[in-house]
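Structure record follows, encoded as structure tokens.
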Amino acid sequence: VVAPPAPTVSLGQGALTWSTVLQPDAAYGFRCSIRVPDVPATLASDAFFVEIGYLGTTIDQRPAAAVVEASPVVALTNGRVSAQTSVQSYRDNYMTFEIY
């Protein structure tokens, strides 16, 4: 079995792309680091898109695609701590912790 050439991988504009000729009956994989945003996406979908032939211009050059929904980020958001005063010696100060 001859291993396919190593792909040239680039990450730009939110897309991980590589250029290599995929061989039939060969297993391929990749891994990369991602940054999980602090808040859920509001202007884009929470999903990963996998497309074979992403740069193709005809349907024959774009043979497969899949969408994998991303799991929600479980976190408390919009936490806020406030105090009646920041004066250290104030004896009757109240602090409030709020989560919206």
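Quick look at the numbers
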{"read-out": "Distance in nm between pseudo-label sites at residue 80 and residue 27 (7 Å out along the Cβ direction from Cα)", "value": "5.2"}
{"read-out": "Per-selection Kirkwood Rh - segment 39-97 (Cα, Å, 1 d.p.)", "value": "16.5"}
{"read-out": "Theoretical gain in end-to-end length, residue 89 to residue 39 [0.36 nm per residue, Cα-Cα removed]", "value": "14.3 nm"}
{"read-out": "Portion, in percent, of the accessible area of segment 22-100 that falls on carbon or sulfur, probe 1.4 Å", "value": "56"}
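The values are calculated or read from the model by the stated rules, or taken from the named source; none is laboratory data. Just so you know, these numbers come straight off a predicted model, no measurement behind them. Here the Cβ is made from the backbone with ideal geometry for all residues, glycine too, and neighbour counts use every protein chain on show. SASA here: full protein model, heavy atoms, side chains in, ligands and nucleic acids out. Shrake-Rupley method; radii C 1.70, N 1.55, O 1.52, S 1.80 Å.
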